[in-house]
Amino acid sequence: MSEMNQEREQKACTAILLAAGSGLRMGTEIRKQYIRIAGIPMFIYSLRAMQMCPFITDILLMVPEEDLNSAEAAVREHASFEKVRGIRPGGAERYFTVALGLEDIDWPCDYVFIHDCARPLIDQDTLARLYETVRKTDACVAGVPSKDTVKIVDADCNVETTPVRANVWIVQTPQVFAFDLIRDAYRSVLAQEEKLRERGITLTDDAMVAELAGGCRVRMVQSAYRNIKITTPEDLVLAKAFLREAL
């Protein structure tokens, strides 16, 4: 295929970077997305990865409203605004933040990469596999096969079932969708939010929103085990070790 045809087939991809959480489980004085790893705020690593990615055309960074100015200053110091369309305030919960970001996209967009900035070790190979898959399936998520046997328990921690380990994956981000599909799914699910709460359903990731809204089939895409989510101090130690190895 000629270079001209390749460019013609290039799709517009927006990365919504989520850095609006409170990070309470980290137990630090500052929100975890601003904790410095090798002197750089954690959220900047995800922004840099998306900036480097050749098929990510636009970036939308979601942060707490009170942090808009400090987040902008951090981006100016450590990264680039080349692809950043905006830095916007997030919502009270993760899914509200994603919904706000989706509604804010008013530029050309075929696919959306939704990524938690608490995963600063996302790599370019995983992004490429996600891009190739979403163009075929319209819905895919990064993940890795579980190394451990998983048990499903009841409210008293009694084991109810043991899923076949070969069928169990650990879900990560980015989670990637056709833009219209995931925007409409969020609109549909949020309109039913009260009913979902009454049924005890909590929206924990974007794939779940797509599944609930229209029975969407979501494809798992092999990621890397080092694409960890930093939630506790132990995770931070591991992330620093991975980054030292990369340097």
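The values are calculated or read from the model by the stated rules, or taken from the named source; none is laboratory data. Quick caveat, the model's predicted, so the values are computed rather than measured. Reconstructed Cβ throughout: ideal geometry from the backbone, glycine too, with neighbour counts over all protein chains shown. The area values use the complete protein model at the heavy-atom level, side chains included, leaving out ligands, DNA and RNA. Shrake-Rupley method; radii C 1.70, N 1.55, O 1.52, S 1.80 Å.
At 0.36 nm per residue, minus the direct Cα-Cα distance, what do residue 93 and residue 244 gain on full extension? Give it in nm, one decimal, please.
Details: separation 151, 0.36 × 151 = 54.36 nm, distance 3.25 nm.
Answer, rounded to one decimal: 51.1 nm.
Note the direction-averaged projected area, equal to a quarter of the hull surface, for the Cα convex hull of the range 55-179, in nm². Intermediate values should be presented prior to the final figure.
On the way: hull surface 41.4 nm².
Across all orientations, the range 55-179 yields a mean hull projection of 10.4 nm².
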Going residue by residue through the range 164-172, the Karplus relation 6.51 cos²θ - 1.76 cosθ + 1.60 with θ = phi - 60° gives ³J(HN,Hα) values, rounded to whole Hz and with x marking Gly or Pro, of 5, 4, 4, 9, 9, 10, 8, 7, 10
For the chain: Kirkwood Rh in Å [reciprocal of mean 1/r, alpha carbons]: 19.0
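Taking a ≥ b ≥ c as the square roots of the Cα gyration tensor eigenvalues, with a/c under 1.5 meaning rounded and otherwise prolate when a/b beats b/c, else oblate, which class fits the range 144-218? Don't skip to the end; give the middle numbers.
Numbers: a/c = 3.11, a/b = 1.44, b/c = 2.16.
Taking the square roots of the gyration eigenvalues as a ≥ b ≥ c, the range 144-218 is oblate.
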At what distance in angstrom do the alpha carbon centres of the range 226-241 and the range 115-152 lie from each other? 17
List the pairs from 136/195; 83/240; 32/240 whose alpha-carbon separation is above 22 Å, in the order I gave them. 136/195; 83/240
Per 0.36 nm of contour for each residue apart, how much would the distance between residue 166 and residue 148 grow if the chain were fully extended, relative to their Cα-Cα spacing? 5.5 nm
In the chain the DSSP beta bridges are antiparallel at a rate, in percent to nearest 5, of 40
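Which percent of the accessible heavy-atom area of the chain goes to carbon and sulfur, probe 1.4 angstrom?
On the way: 6410 of 13040 Å².
Exposed carbon and sulfur together represent 49 percent of the surface.
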In nm, give the distance between the simple-model label positions of residue 76 and residue 11, each being 7 Å from the Cα along the Cα-to-Cβ direction. 3.6
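For residue 199 and residue 65 in the same chain, what is the full-extension length gain: residue separation times 0.36 nm, less their Cα-Cα distance, in nm?
Values: separation 134, 0.36 × 134 = 48.24 nm, distance 3.09 nm.
Roughly 45.1 nm would be gained on extension.
I'd like to check one number: the per residue accessible area of the chain, probe 1.4 Å, reported in Å² as a whole number. Write out the running numbers ahead of the final one.
Numbers: 13040 Å² over 247 residues.
That works out to 53 Å² per residue.
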Mean-square fluctuation maximum in Gaussian network of the chain, Cα pairs under 10 Å, restricted to 209, 75, 237, hits 237
What residues qualify as long-range amide H neighbours of residue 228, i.e. H under 5 Å apart, gap of 5 or more or another chain, H built at 1.01 Å from N? 121
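Roughly how compact is the range 188-247, stated as its Cα Rg over 2.2 N^0.38 Å to two decimals?
Working: Rg = 17.2 Å, N = 60, 2.2 N^0.38 = 10.4 Å.
The range 188-247 yields a ratio of 1.65.
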